[in-house]
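Chemist: What follows is a structure written as structure tokens; I'll ask about it next.
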Amino acid sequence: MSKKPKKFGFSFVSLYFCKQMINEATQRFILQHREEDVRRLAFGSRDVEVDLPMALQQIAGWQTARKKLPSWAAVDDIVYPPHLNMEQCSSEQTARYKAKLAIGYWPLSVGPTFVDLTGGFGIDFYFIAKSQKLKANSQNIYVERNSELCETARHNFLKLGLEAEVVNVDAEEYLKEMSHADVVYLDPARRDEHGGRTYGIEDCTPNVRTLLPLLLEKSDTIILKLSPMLDWQKAVNDLGHVQEVHVVSVDNECKELLLVVRKQPSKSITLVCVNNDSEFRIVRSLRTPSSLPTDSESAPYGLGVCSNRTDQGKYLYEPNASIMKAGCFREIEETYGVSQLSSNSHLFVSEEEVRDFPGRQFRIETITSLNKQELRNAMKGIDRANISVRNFPLSVEILRKRLKVKDGGAVFIFGTTLSDSSHKLFICRKIG
């Protein structure tokens, strides 16, 4: 039996720590200069009482938080960690989504117990913990092996009005003696000992595949954040017990892959594709784990199959980043009554306008081949265009040179290959 991990609560020690870390002169300097360029400030102050490296770290952190974590940036005396931690932490938008997700798993009759085993800067922990309805015996437990992050988190939670228990210990060690938790959250570190990025579940720290049996024993629900680069279908296959997959994008950039793992067996899996306020949700029956598909195979989720249209439509649609990551293209066809141009292009067309399509929508003005005369006629009057290529033999740069157009403007040109192997350019204008 390992030694029970030491637990920390709020204390005057944390306040003392932060006051020692950032003295009054340094704090004044931060408030006076936090709108200014950090690189210029690095050569400016000669005040010996100002801890310049710490001041620059806080100014850079606040400038990042102003966009990434606006509700935190609005609170005075928040302490920001080094750049790498700020880079890796969730944005407020994605953290709020995880909080919304967690709400569905809080028990109704008693106060919930929530444990974050990879606390980090504490963004996800804070928003998930705040989503609890405050009841008797509620517990929010933040676990982090880095002692400085623990002290920073403890100070910040106090400033933000969150009651929490902070535990400075390794996740695996804490899990061994952890009491039952309603929800456990993990965001495994995706960097190796040399600072390089890792993407496989087994390459992250902690290794969730190894810990999974104990996690299922100690918790009803595990919410797992993984790299958006990961193949979600392989992750489902590797882990088992996955009931939900959430692909989360912000401003059409895929940010996170969230898996909800539950002790109770399920005969179906829910796939949710999110981009800002847009959400596309499907539910599919599960076969055995070994039968889960790869990205290129037809699936029990209805993936990888399309109608392969080569005829013309009046409207063209480009799915958002979450749809592209999830690969649920047949489901998109069935739900919105659109057709893919080919299996590998992932562009859709329709005769009637589909206004709620989860992605960008365009009105097709002209479709042309690469024949010189046909191309010349199609491009009359166009000197600027936004160019994209999908399953096309030419790069954007080469196609732009061939078309002799500058970047930008109101025209959008999509180069793609149809299911009959013909190469076409779709010249469009954006709707909305």
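The values are calculated or read from the model by the stated rules, or taken from the named source; none is laboratory data. Model, not experiment: these values are computed from the prediction. Using ideal geometry, Cβ is built from the backbone for each residue, glycine included, and neighbour counts are taken over all protein chains shown. Accessible surface areas use protein heavy atoms only, side chains included; no ligands, DNA or RNA. Shrake-Rupley method; radii C 1.70, N 1.55, O 1.52, S 1.80 Å.
Chemist: Over the chain, what is the relative contact order in whole percent, taking alpha-carbon pairs under 8 Å and six or more residues apart?
Modeler: RCO, the chain: 9 percent.
Chemist: From the backbone phi of the range 84-91, what are the Karplus-calculated ³J(HN,Hα) couplings (6.51 cos²θ - 1.76 cosθ + 1.60, θ = phi - 60°) in whole Hz, Gly and Pro given as x?
Modeler: 4, 5, 5, 5, 7, 5, 5, 7
Chemist: List the relative contact order of the range 22-131 as a percent without decimals, with contacts defined as Cα pairs under 8 Å and 6+ residues apart.
Modeler: Across the range 22-131, relative contact order equals 22 percent.
Chemist: Now for a different question. Compare the peptides 274-285, 139-150, 211-222 by average per-residue count of other Cβ atoms within 10 angstrom and give them in order, highest first.
Modeler: Those peptides, ordered most packed to least, come out 139-150, 211-222, 274-285.
Chemist: Could I ask something else about it? Sorted by packing (mean other beta-carbon atoms within 10 Å per residue), highest first, where do 83-91, 315-323 land?
Modeler: 315-323, 83-91
Chemist: Can you give me the accessible area per residue for the chain, using a 1.4 Å probe, in Å²?
Modeler: In whole numbers, the chain has 49 Å² accessible per residue.
Chemist: Now for a different question. By how many nm would the segment from Arg281 to Glu253 lengthen if fully extended, with 0.36 nm per residue of separation less the alpha-carbon distance?
Modeler: Once the chain is fully extended between Arg281 and Glu253, it gains 8.3 nm.
Chemist: Then there is this: Quick check on the chain: of the DSSP beta bridges with both residues there, what percent are antiparallel, nearest 5%?
Modeler: About 60 percent, rounded to the nearest 5.
Chemist: Okay, moving on. Which of rounded, prolate, oblate describes the range 301-432, given a ≥ b ≥ c as roots of the alpha-carbon gyration tensor eigenvalues and a/c under 1.5 marking rounded, otherwise prolate only if a/b is larger than b/c?
Modeler: Prolate.
Chemist: Taking 25 Å as the cut-off for C-alpha to C-alpha distance, list the pairs among Lys255/Lys314; Lys255/Lys406; Lys325/Lys380; Lys130/Lys159; Lys176/Lys234 that go past it.
Modeler: Flagged as over cut-off: Lys255/Lys314; Lys255/Lys406; Lys325/Lys380; Lys176/Lys234.
Chemist: Pull out a ≥ b ≥ c, the square roots of the eigenvalues of the alpha-carbon gyration tensor of the range 121-279, then state rounded if a/c is under 1.5, prolate if not and a/b is larger than b/c, and oblate in the remaining case.
Modeler: rounded
Chemist: Let me ask something else. Kindly provide the helix-only [θ] at 222 nm of the chain, computed as the sum of -39,500 (n - 2.57) over DSSP H runs of four or more divided by all residues, to the nearest 500 deg cm²/dmol?
Modeler: Taken over the chain, the calculation gives -9000 deg cm²/dmol.
Chemist: Where does each of 163-171, 324-332, 98-106 land if you order them by average Cβ count within 10 Å, highest first?
Modeler: 324-332, 163-171, 98-106
Chemist: Next question. Using a Förster radius of 56 Å, what is the FRET efficiency between Ser147 and Arg384 based on their Cβ-Cβ separation? Nearest 0.05, please.
Modeler: Approximately 0.55, to the nearest 0.05.
Chemist: Please compute the modelled spin-label separation between Thr335 and Arg39, points set 7 Å along Cα→Cβ, answer in nm with one decimal.
Modeler: Result for the modelled spin labels: 4.3 nm.
Chemist: While we're looking at this one, here's another question. Pull up the cross-link candidates among the aspartates and glutamates for Lys218, meaning alpha carbon to alpha carbon under 19 Å and not fewer than 8 places away within one chain.
Modeler: Correct list for Lys218: Asp116, Glu144, Glu165, Asp170, Glu172, Glu173, Glu177, Asp182, Asp187.
Chemist: Please say if the range 360-432 is rounded, prolate or oblate, where rounded means a/c under 1.5 for a ≥ b ≥ c the square roots of the C-alpha gyration tensor eigenvalues, and otherwise the choice is prolate for a/b larger than b/c and oblate otherwise?
Modeler: It comes out rounded by the Cα gyration axes.
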